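Just below is one structure, and these are the notes that go with it.
The values are calculated or read from the model by the stated rules, or taken from the named source; none is laboratory data. Quick caveat: nothing in here was measured; it's all calculated off a predicted structure. All Cβ positions, glycine included, derive from the backbone under ideal geometry; neighbour counts span all protein chains shown.
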Amino acid sequence: MIKISNNTKFLSVLVLGAALTRLLPHYPNFTAIGSIALFGGAYFKKTWQAFLIPFVAMLATDMVLGFHQVMASVYAAFALIVIVGMSLKAKRSVGSVALATVTASVSFFVITNFGMWAMGSLYPHNLTGLAECFTAAIPFFHYTLLGDCTFAAILFGSYEFVKLRKPALVQA
């Protein structure tokens, strides 16, 4: 039988609960998945868990919402965001989490919109088409950034709050 620590249980519940935000009505790109990837990278001790939790959450919700041609770019962006989160393991301050959150949002914007241009047929495959693709995506970026900031504050803040109030709950 696999023994699951309280820390892993708590993190899994927190992360999977936030993943449900993708299924609720929301503004475009205002979801918790980027923050989940960042949070998982920062807190999961086992690297495979850091990648598994956001990918399982994405796959489960994609099975409900549907699959699309740019999925590889989306998953690649979230993999990079997990790696950005791993850089927070040494120091998790408000400033470092804020910087990582902005980095995650910008990375997601660049990777997914480049993927949309490269794999899609909406834009010509030249520099003008790439510029058009990124320009058309600008109105969605603020929702991504606002969602990532909101959910990062909830995830990181909740975990740190519980760690202060109930340290046994989050003990490895």
Inset, instruction - Please work out if Ile53 is closer than 24 Å to Ala137 by Cα, part of a helix (DSSP H, G or I), in contact (Cβ under 8 Å) with a residue 24 or more places away in the chain and β-branched (Val, Ile, Thr). - result: no
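Condition check ((1) of a type in the set (Val, Ile, Thr); (2) within 18 Å of Ala57 (Cβ to Cβ)) across all residues:
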residue: Phe78; (1), (2): no, yes
residue: Lys91; (1), (2): no, no
residue: Ser96; (1), (2): no, no
residue: Ala104; (1), (2): no, yes
residue: Pro124; (1), (2): no, no
residue: Thr128; (1), (2): yes, no
residue: Phe151; (1), (2): no, yes
Legend entry - Residue list for segment 85-135, filter: surrounded by 15 or more Cβ atoms within 10 Å (Cβ to Cβ), more than 30 Å from Gln49 (Cα to Cα) and touching an Asp or Glu at 6+ places or on another chain (Cβ under 9 Å): Trp117, Tyr123
Legend entry - Answer residue from segment 1-27, given it is closer than 16 Å to Phe44 by Cα and among the polar types (S, T, N, Q) and is modelled with the lowest pLDDT among those: Asn7
